[in-house]
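The values are calculated or read from the model by the stated rules, or taken from the named source; none is laboratory data. These numbers come from a predicted model, not from an experiment. In this analysis, Cβ positions are derived from the backbone assuming ideal geometry, glycine residues included, and neighbour counts consider all displayed protein chains.
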Amino acid sequence: MNPQYLDQNQVCCQLHHPRQRTQGYETKGSTGNEHGCAVGGEDRPYDRPVVSSNPHIGTLGEGPLHAALKQWYQAPGDRVEVPLGGFVIDLVRGDLLIEIQTRGFSSMKRKLASLLDAGHHVRVVHPIAVERRIVRTADDGTILSRRRSPKHGAATDIFAELVSFPDLLGHRCFEIEVLITVEEELRRHVPGRAWRRNGWVVSQRHLVDVTDSVPIRGIEDLATLVPDGLPEPFTTADLAVMLGRPRRASQQMAYCLRNAGVFIDVGKRGGSVLYRKV
């Protein structure tokens, strides 16, 4: 029995989400949008046809999850794998630069800073798996077992990545979209590796479905991820309980939201910092 992934036809059928497809930022012939970010015009390098001597530019090291998400997210008229400023942009939609990042925001810190400093409007699209199916395979690809992971992601897990650049959270040209996904994670056995999983290492991640999206266009949207009912003041232990997540996750959220000005620290209780939501 083969894993059921989104194939090309399924991906194309799911492209036209009304909310998603009205976020085109298709302004032409001007020098800035309402945020003061650079916009498309005839003099913008990513508004002209791109001809590359390498048809695989930017895709040689691309994993199946990244490739599937890029295809799922792509709208008619989007440019794909566009060279700009020494980088390769996954998708360009009018004046909007879209980067699909499946993990490790720290690796794109320099790229983001450079693009934002140049006045570009950048959206980072990041998947969080609300359901993950773990598939163990033999070296020849034969499926040995399949089970559901007991771990379930949530939109608030985005803060684990945002700790890489909390200073960008209030930037007028920077936004994020969290895609809530169902994924299959393929693992193969490599002796001496991944000792916590007894040698089973992740070889690939595949997209099964996209069930929802959470747009984060600014600090106000970040603030909506804070759960209701927090005591005043509160600690990260209180926040962890309300989130239903580990303490580390609440600490990451508090770190980011304090940098964004959503939380302020108002003292200590024992060894724990006390916070208040602004």
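A few comments on the model shown:
- The single condition among (1) of a type in the set (Lys, Arg); (2) more than 21 Å from the chain's Cα centre (by Cα); (3) at pLDDT 95 or above that Arg197 does not satisfy is (3).
- The condition (being among the acidic types (Asp, Glu) and surrounded by fewer than 12 Cβ atoms within 10 Å (Cβ to Cβ)) is satisfied by just one residue among Asp238, Asp228: Asp228.
- Odd one out for Arg103, checked against (1) over 23 Å from Val214 (Cα atoms); (2) at pLDDT below 95; (3) within 21 Å of the chain's Cα centre (by Cα): (1)
- In the set Arg217, Arg188, Arg193, Arg205, only one residue is surrounded by 14 or more Cβ atoms within 10 Å (Cβ to Cβ), of a type in the set (Lys, Arg) and more than 23 Å from Ser106 (Cα to Cα); that residue is Arg188.
- Any chance Leu116 is on the phi < 0 side of the Ramachandran plot, in the same structural domain as Pro191 (by TED's automatic domain parsing) and in a helix (DSSP H, G or I): yes
- Residue tally, condition touching a helix residue (DSSP H, G or I) at 6+ places or on another chain (Cβ under 8 Å) and surrounded by 19 or more Cβ atoms within 10 Å (Cβ to Cβ), over region 103-115: 2
- Members of region 108-134 found to be more than 16 Å from Arg205 (Cβ to Cβ), under 14 Å from the mean Cα position of the chain (by Cα) and not basic (Lys, Arg), listed by number: Met108, Leu112, Val122, Val124
- Failed condition for Ala249, given (1) surrounded by fewer than 19 Cβ atoms within 10 Å (Cβ to Cβ); (2) out of contact with any strand residue (DSSP E or B) (no Cβ under 8 Å at 6 or more places or on another chain): (1)
- Entirely in region 123-238, the strands (runs of 3 or more DSSP E) that have 3 or more residues that are in contact (Cβ under 8 Å) with a residue 60 or more places away in the chain and not basic (Lys, Arg): 174-189, 200-216
- Count - residues of region 194-243 that are under 30 Å from Arg269 (Cβ atoms) and polar (S, T, N, Q): 3
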